[in-house]
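One structure is given here, and the rest of the page talks about it.
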Amino acid sequence: MNQNSLEGIEAKLFQLEQELLSTRRSIEKLKSSIKVNGSPLLVPYFNYSLTMPKRTATNKALVLGSFIIKNIGESPLHNPFICIKITPYEHIPFTAKIGTQEIVDTSMRSISSETWDYLNEEAKDKGIDSGEYWLKPVVTQKVDVGNSISLLNFQIPLDFEHVDKQFKVVGFIYGDEIQQGVRSLNSIRINK
């Protein structure tokens with residue numbers, strides 16, 4: 001079946017709806033099955049779309065996404081930071097709203113436009129060298145109960161000539177209270 005045909009598009013849409021339903025069920029199951037014990041209970045997940053050019057024979061696509069972390073526990077998470085791991089990472093750039101404290105006007109900041117920075121100097125090169133992007137929010141130092149933080153509107157341009165069989169993005173959230181990290185409930189997977 002041709003992926004560009006109406007049937008192919010409808011089949012892909014149905015598949016994505018099923019994945020979304022499965023993710024929602026996982027979140028509800030997680031909420032109901034875990035006893036919180038006074039610690040942060042985090043729900044990290046990706047919300048993303050794949051954009052492909054219409055009716056061309058190109059091997060290129062664009063992943064547009066956000067990494068969202070919700071605190072549904074009983075206590076805040078202090079000093080949050082994330083790791084976005086991309087495989088394969090060679091020839092695949094990752095772009096996001098990344099800047100330093102000095103260039104961000106915090107008086108104009110809203111939660112929806114949180115800017116992120118590299119965790120440290122070593123992390124700046126780690127994304128290019130290993131596909132791991134270690135980031136921290138520039139302003140937010142605490143994720144209170146019932147609140148969220150998000151890395152919004154990142155972009156990953158893909159050239160499938162550089163992807164063997166599968167492209168994958170996984171996220172992790174860390175902080176003072178969860179130094180071992182929590183893996184995202186879902187991942188971004190694109191099969192060639």
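The values are calculated or read from the model by the stated rules, or taken from the named source; none is laboratory data. Model, not experiment: these values are computed from the prediction. Neighbour counts are summed over all protein chains in view; Cβ atoms, including those assigned to glycine, are modelled from backbone coordinates with ideal geometry.
Counting residues that are of a type in the set (A, V, I, L, M, F, W, C) and out of contact with any helix residue (DSSP H, G or I) (no Cβ under 9 Å at 6 or more places or on another chain), which strands (runs of 3 or more DSSP E) fully inside region 124-189 reach at least 3?
148-159, 166-175
Of the residues that make up region 86-96, is at least one closer than 16 Å to Gln155 by Cβ, polar (S, T, N, Q) and in a strand (DSSP E or B)? Yes; the residues of region 86-96 include at least one that is closer than 16 Å to Gln155 by Cβ, polar (S, T, N, Q) and in a strand (DSSP E or B). Of all the residues in region 61-84, those that are at pLDDT 90 or above and farther than 21 Å from Ile27 by Cβ number 5. For region 128-148, a tally of residues being within 21 Å of Ser75 (Cα to Cα), of a type in the set (Gly, Ala, Ser) and surrounded by 15 or more Cβ atoms within 10 Å (Cβ to Cβ) returns 1.
Given the structure, is Gln179 among the polar types (S, T, N, Q) and modelled with pLDDT under 85? Answer is no for this residue.
Here's a check for you: in region 46-97, which residue that is more than 19 Å from the chain's Cα centre (by Cα) and among the aliphatic types (A, V, I, L, M) is nearest to Val139 (Cα to Cα)? Only one residue fits best here, namely Met52.
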